[in-house]
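Student: Okay, handing you the structure first.
The values are calculated or read from the model by the stated rules, or taken from the named source; none is laboratory data. From a predicted model like this one, the values you see are computed outputs, not experimental measurements. Ideal geometry is used to build each Cβ from the backbone, glycine not excepted, and the neighbour counts take in all protein chains shown. When the accessible area is computed, the model is the full protein with side chains, heavy atoms only, and any ligands, DNA or RNA have been set aside. Shrake-Rupley method; radii C 1.70, N 1.55, O 1.52, S 1.80 Å.
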Amino acid sequence: MKKMMMFALCMMAWMTCNAQEYFEGSLKARSYEKHSDIAIKFSKGMLINGARDSELHIKGEKMAAVDHVTNVATIYDVEKNKLYFVFHNIKKALEMPISHFEKMKQGSVSIKPVATSTYKTISGANCRLYSAEVNTNQNGAQIRMKSDSYVCEEMPIHPSLAGFNNGLPYVGMKYIIDSNNRAGMIQINSYTAYEVHEVIRGEVDDAIFVVPADYEIVDGTSNAKMLSVYGENNKVMKKMKKNTTKEPTEEVKFDINEEWDF
């Protein structure tokens, strides 16, 4: 009996030591973006031209992306099958099942990053370059998209979050996504360069993944209600003069070009 108990304890210890440890912590990042006017218009204030500061918090099957320009947070809670778009400017949150969000993405073009043999150290982390390129026709539209992403394979995240993380189960440290879509006379261009400048390892407060109690929860499965919330937030953005569609300054472009070497 004692031998059986010792064997069981040893097995538990072995399983604990060999269990997958996922990254928990926060990332502070900055991006540079350039979008065509029609892309800006369709985004209802979510896209901007210029620089954007953001944060990403990861804990188990939870992830929260916080945008400091629009003041909107996106919360993914896979365990509860919930996705929230939290609009702090108007104290409202769109709520939908993650399964509904997946249905919304059906039919859209997906990028499948492929690992390369190129490595780079970014913010102290050893990162591998993953690249992907799409050039296809879909429903009469010509779609071209290219991405280069440096991810840290030594900082894995829960596989259930990969679908919200450029399809990769690792912490992304640096990426460029460049797309050029044309349908008839309409052309939509979009360019984003993103880089993490600080990694904060450690326990993340669960409050980050919760919608504040005094916020109105809106059904995100209703297109009409969703557009209404985005429109309401866009009006606030216009008042705050944060929804700029102006060309970024040459100074911003120079700084980005100096830091990036793709």
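Student: Say we look at segment 187-215 and pick out the residues that are among the hydrophobic types (A, V, I, L, M, F, W, C) and not in a strand (DSSP E or B); which of these is most open to solvent (accessible area, probe 1.4 Å)? Before you say what the answer is, go through the steps one by one.
Tutor: Narrowing segment 187-215 to residues among the hydrophobic types (A, V, I, L, M, F, W, C): 188, 193, 196, 199-200, 204, 207-211, 213.
From the residues that got through so far, the ones that are not in a strand (DSSP E or B) too are 204, 207-211, 213.
Values: V204: 5, A207: 63, I208: 62, F209: 12, V210: 88, V211: 23, A213: 108 Å².
Here the answer is A213.
Student: Would you check which residues across segment 146-167 are closer than 19 Å to E195 by Cα and surrounded by 17 or more Cβ atoms within 10 Å (Cβ to Cβ) and list them?
Tutor: Within segment 146-167, S147, D148, S149, Y150, V151, C152, M155, P156, I157, N165, N166 qualify.
Student: Which one of A65, A29, A73, A115 is at pLDDT 95 or above and loosely packed, with under 13 Cβ neighbours inside 10 Å?
Tutor: The conditions single out A115.
Student: Would you confirm whether or not segment 94-106 contains a residue that is loosely packed, with under 12 Cβ neighbours inside 10 Å, in contact (Cβ under 8 Å) with a residue 12 or more places away in the chain, in contact with a Ser or Thr (Cβ under 7 Å, 6 or more places away or on another chain) and assigned to a strand (DSSP E or B)?
Tutor: There is no residue in segment 94-106 that is loosely packed, with under 12 Cβ neighbours inside 10 Å, in contact (Cβ under 8 Å) with a residue 12 or more places away in the chain, in contact with a Ser or Thr (Cβ under 7 Å, 6 or more places away or on another chain) and assigned to a strand (DSSP E or B).
Student: Still on this structure: With the checklist (1) outside any loop (DSSP other than H, G, I, E, B); (2) in contact with a Phe, Trp or Tyr (Cβ under 8 Å, 6 or more places away or on another chain); (3) closer than 18 Å to V229 by Cβ in hand, flag the one item K120 doesn't pass.
Tutor: (3)
Student: Which of the following residues is crowded, with 17+ Cβ neighbours inside 10 Å, of a type in the set (K, R), under 25 Å from F101 (Cα atoms) and modelled with pLDDT of 90 or more: K80, K34, K44, K59? So that I can check it myself, show each step before the final result.
Tutor: Numbers: K80 fails: crowded, with 17+ Cβ neighbours inside 10 Å; K34 fails: under 25 Å from F101 (Cα atoms); K44 fails: modelled with pLDDT of 90 or more.
After ruling out the rest, the residue left standing is K59.
Student: If you don't mind, another one. Please give the number of the condition G167 fails out of (1) within 26 Å of V78 (Cβ to Cβ); (2) touching a Pro at 6+ places or on another chain (Cβ under 7 Å); (3) modelled with pLDDT of 90 or more.
Tutor: (3)
Student: Might you check whether a residue that is in contact with a helix residue (DSSP H, G or I) (Cβ under 9 Å, 6 or more places away or on another chain), open to solvent by 20 Å² or more (accessible area, probe 1.4 Å), under 30 Å from E24 (Cβ atoms) and not small (G, A, S) occurs anywhere in segment 173-186?
Tutor: Scanning segment 173-186 turns up no residue that is in contact with a helix residue (DSSP H, G or I) (Cβ under 9 Å, 6 or more places away or on another chain), open to solvent by 20 Å² or more (accessible area, probe 1.4 Å), under 30 Å from E24 (Cβ atoms) and not small (G, A, S).
Student: Which condition breaks for L129 when tested against (1) in contact (Cβ under 8 Å) with a residue 40 or more places away in the chain; (2) crowded, with 18+ Cβ neighbours inside 10 Å?
Tutor: Of the numbered conditions (1) in contact (Cβ under 8 Å) with a residue 40 or more places away in the chain; (2) crowded, with 18+ Cβ neighbours inside 10 Å, the odd one out for L129 is (1).
Student: Determine whether segment 83-101 contains at least one residue that is at pLDDT below 95, within 19 Å of V218 (Cα to Cα) and of a type in the set (D, E).
Tutor: So far as segment 83-101 goes, no, none of its residues is at pLDDT below 95, within 19 Å of V218 (Cα to Cα) and of a type in the set (D, E).
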